[in-house]
Structures are given as C-alpha cells and as structure tokens.
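Engineer: Handing you this structure, nothing more for now.
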Amino acid sequence: MELLPLLILSFCFLNLSGMTFAAESGPPDTNITVQEDDDVILPCSFVSSVNIESMKFDWKKKGTLLQKEVFLYDNGSYYNNGLHGQDEQFKGRVSHFSKELKNGNASIRINKTRLEDSGQYTCIFPDLQPERKIFRIELVVEPVLKVRNVTGASPKPYVTILKNKGQLQCEVPGAYFKPKVEWWDSDNKTLPSKTLKDRKENGLFYVIIQSTSPKPDCYRCVTTQMDIWHRISSEICVHEEPKIGWIVAGVAVGVLVLVVVGILVWCLIKKKKGVL
Ligand SMILES: *[C@@H]1O[C@H](CO)[C@@H](O)[C@H](O)[C@H]1NC(C)=O
Ligand SMILES: *[C@@H]1O[C@H](CO)[C@@H](O)[C@H](O)[C@H]1NC(C)=O
Ligand SMILES: *[C@@H]1O[C@H](CO)[C@@H](O)[C@H](O)[C@H]1NC(C)=O
C-alpha cells in the first residue's frame, strides 16, 4: 500500500502524467460519443501497471436526484457475481475486463447503449489514500435517427404475393419507432398473420409478416407507429385464378371436337375413295 501514493493515475485516452483528480462534480475529463445500440468502452486506468485485482472500484452515473449504480468491483466480486445493488438500467449490460485488472485497467463495457445511458459517469477508487481517485466521463448516445439522418417515419412497406404458397408477404425495411404491421382486406378488417421477423438491428426495427388471402381482393399492408401517430400502407391485389374445373372441361371439349372432326374427315375421305 505504500506504493499507492507514488502511482500516477490517468485516463488511457488522455494519458496525462501527474494529472490531478477532478472533484466529484465539474467538467468531464473525457467525452465519448456513441451511436445508439452500439457497445461502448468507458476508459478508466492507471498509467503505470499496477495490479488492481484486490482493490475496489465503483462506476456510478449521475442522476437527477440520486446517483445510479453502474458497476462495482471489490476484490474479485462484482455485480452478478456476489455483489448486489446494480441499477435496473444496467443489469446484464455492463462488464469489466478481468484480464486487464493486473495492468491497472478498470475500464468497463456497456453493451447496446440506449439514449438514456447518456450522461456523466464516474469511476471511483474509494479506498485509495490520501484521496479518493475519481475519473469522470461524459457519454453521449446519439439516436440512430440523427446519425443516419433518417426521419422517424417508416418507409412504405414492401408487399409481395408468394405464388407457390398463395401467401401475402409484407416487409418493413427498417423503422425507427416501433411499427405495428398488419394485413387489411378491402373492408379494413385485419387478417390473421404470422410473424417471420421482428427484430431491432442497429437501432431500426425490421418486420416481416405473412397472411393467407382468403379470397380475391385488394389487400393493404398497414404500418402504424403509435409513438408518432404515423400510418403508411402499400396495396396489392389478388386476382381470381381460372378455376381448375373449367380448364379440365375446356380441354375435354377440345379433345372431343378434334375426335369428331377427325372421324368426319376420315368418313369424307373414305366416301370419296368409294365414289372413285
Ligand atoms: C483497458 O482495456 C480495454 C479493454 O481491453 C482497452 O480497450 C483499453 O485500451 C485498455 N486501456 C489501457 C490504458 O490499456
Ligand atoms: C481479497 O480476497 C482474498 C480472498 O479471495 C483475501 O485473502 C484477501 O485478504 C482480500 N483482500 C482484501 C484487500 O480484502
Ligand atoms: C378503409 O380505410 C381507409 C382509410 O385508411 C378509408 O379511406 C376507407 O374508406 C376504408 N374502407 C372501408 C370499407 O371502411
């Protein structure tokens, strides 16, 4: 422990030697911007290689009233592994780098960042003397909307008729606000449908549904985004198929006519031969 006062602490990003530590409030030491849904590493580490495996460090996020518990490590124990008290917002999403601890690296990773993760984080070594060591990081999580410069309203859904299955398929190609996707008939009645895909990827929702068309009609795939009162649809019409019975009857009549004509021609030729 006599070593500790000699240690020079710093952010790995800034790499400033002899940096003095910020008070618990004040301007951040590092600013990080990340796109919503991406992972982010919040850096916090000693410049010199010091083993922190048996130490304690605590990551907190500044809240409006109280601080939120992000991650706590204490001599080999941490949240979800012997320690309790982590804020719901961060449950199952925060991890440390256990192999890096012996190098003095207390950085954490937050998986799948959300907009509400934006804010000020502190990484504190509460037991270090003579003073508590505090690293401060400002995290900005940018909405996909802004990053990709897209509007929140869903584009027109993409509709197809799957010929071999007699099914209507509707695909929403990436919507920012969660869409409700339905097939409606011409009376605006919802058809039963099955969901083939309903996933959020890189901050956008992708949905594919299929319905069976009960009768020839024009159907609309309707995408509704309740968050922004937005509705958009694409229409596709299923035409009456020629009935298989009529085709069979038609072919039968055709064959019959051919046979009759054939017989007549044959008779005529026979007759002519007889006359000659
Ligand atoms: C600490 O560990 C993380 C994760 O492996 C790494 O990204 C970061 O660069 C490390 N920091 C330093 C100062 O080595
Ligand atoms: C850390 O835990 C080990 C046992 O896993 C114990 O022997 C040691 O005394 C602990 N160190 C501190 C600083 O609490
Ligand atoms: C179905 O809804 C559309 C608007 O979404 C409306 O224009 C149309 O009249 C409705 N049709 C029926 C049969 O209610």
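Engineer: Output the residue which, of all residues in region 192-214 that are over 26 Å from the mean Cα position of the chain (by Cα) and part of a loop (DSSP other than H, G, I, E, B), is farthest from ligand 1 (Cβ to nearest atom).
Structural biologist: Residues of region 192-214 that are over 26 Å from the mean Cα position of the chain (by Cα), as a first pass: 212-214.
Next cut, part of a loop (DSSP other than H, G, I, E, B) only: 213-214.
Numbers: Ser213: 53, Pro214: 56 Å.
Among residues in region 192-214 that are over 26 Å from the mean Cα position of the chain (by Cα) and part of a loop (DSSP other than H, G, I, E, B), the one farthest from ligand 1 (Cβ to nearest atom) is Pro214.
Engineer: Let me ask something else. Touching a Ser or Thr at 6+ places or on another chain (Cβ under 9 Å) and in a strand (DSSP E or B): which single residue out of Glu182, Glu235 fits that description? Lay out the reasoning, then the answer.
Structural biologist: Values: Glu235 fails: touching a Ser or Thr at 6+ places or on another chain (Cβ under 9 Å).
Exactly one residue qualifies, and that residue is Glu182.
Engineer: Just checking, which of Lys189, Lys197, Lys156 is within 30 Å of Val34 (Cα to Cα) and at pLDDT 95 or above? Don't jump to the end; show me each part of the working.
Structural biologist: On the way: Lys189 fails: within 30 Å of Val34 (Cα to Cα); Lys156 fails: at pLDDT 95 or above.
It is Lys197.
Engineer: Which number in (1) crowded, with 17+ Cβ neighbours inside 10 Å; (2) under 30 Å from Thr122 (Cβ atoms); (3) of a type outside the set (A, V, I, L, M, F, W, C) marks the one condition that Asn202 misses?
Structural biologist: (1)
For (1) closer than 30 Å to Pro179 by Cα; (2) surrounded by fewer than 10 Cβ atoms within 10 Å (Cβ to Cβ); (3) touching a residue at least 40 places away in the same chain (Cβ under 8 Å); (4) assigned by TED's automatic domain parsing to the domain that holds Ala175, each residue gets a yes or a no:
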site: Asp217; (1), (2), (3), (4): yes, no, no, yes
site: Cys221; (1), (2), (3), (4): yes, no, yes, yes
site: Gln225; (1), (2), (3), (4): yes, no, yes, yes
site: Trp229; (1), (2), (3), (4): yes, yes, no, yes
site: Ile247; (1), (2), (3), (4): no, no, no, no
site: Gly250; (1), (2), (3), (4): no, no, no, no
site: Val253; (1), (2), (3), (4): no, no, no, no
site: Leu256; (1), (2), (3), (4): no, no, no, no
site: Leu268; (1), (2), (3), (4): no, no, no, no
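Engineer: Quick check on this structure: which one of Leu65, Leu83, Leu72 is outside the structural domain of Gly203 (by TED's automatic domain parsing), surrounded by fewer than 18 Cβ atoms within 10 Å (Cβ to Cβ) and within 15 Å of ligand 2 (Cβ to nearest atom)?
Structural biologist: Details: Leu65 fails: within 15 Å of ligand 2 (Cβ to nearest atom); Leu72 fails: surrounded by fewer than 18 Cβ atoms within 10 Å (Cβ to Cβ).
When all the criteria are applied, what remains is Leu83.
Engineer: Can you confirm whether region 64-85 contains a residue that is under 24 Å from the mean Cα position of the chain (by Cα), at pLDDT 90 or above and farther than 30 Å from Arg220 by Cα?
Structural biologist: Keep residues of region 64-85 that are under 24 Å from the mean Cα position of the chain (by Cα), which gives 70.
From the residues that got through so far, the ones that are at pLDDT 90 or above too are 70.
This time we only want the ones that are farther than 30 Å from Arg220 by Cα, so: 70.
Yes, the conditions are met somewhere in region 64-85.
Engineer: Let me ask you something else. Conditions first: (1) touching a residue at least 12 places away in the same chain (Cβ under 8 Å); (2) over 15 Å from Val40 (Cα atoms); (3) not in a strand (DSSP E or B). Phe57 passes all but one, so which condition is the exception?
Structural biologist: So the condition that Phe57 fails would be (3).
Engineer: Separate question: Under the condition of being modelled with pLDDT under 80 and within 11 Å of ligand 1 (Cβ to nearest atom), which residue from region 10-48 is farthest from Gln120 (Cα to Cα)?
Structural biologist: Filtering first and then ranking leaves Ser48.
Engineer: Please verify whether Gln169 is away from ligand 2 (no atom under 16 Å from the Cβ), free of Cβ contacts under 8 Å to residues at least 60 places away in the same chain, in a strand (DSSP E or B) and among the polar types (S, T, N, Q), treating the condition exactly as stated.
Structural biologist: Working: away from ligand 2 (no atom under 16 Å from the Cβ): yes; free of Cβ contacts under 8 Å to residues at least 60 places away in the same chain: yes; in a strand (DSSP E or B): yes; among the polar types (S, T, N, Q): yes.
In short, yes.
Engineer: Let me ask another. Which of (1) modelled with pLDDT under 90; (2) more than 15 Å from the chain's Cα centre (by Cα) does Tyr176 not meet, given it meets every other one?
Structural biologist: For Tyr176, the failing item is (2).
Engineer: What number of residues within region 103-127 are under 28 Å from Gly203 (Cα atoms), surrounded by fewer than 20 Cβ atoms within 10 Å (Cβ to Cβ) and among the charged types (D, E, K, R)?
Structural biologist: Adding up the residues that qualify gives 4.
The values are calculated or read from the model by the stated rules, or taken from the named source; none is laboratory data. Remember, it's a predicted structure, so these values are computed and weren't measured experimentally. Glycine also receives a Cβ, built like all others from the backbone with ideal geometry; neighbour counts cover every protein chain displayed.
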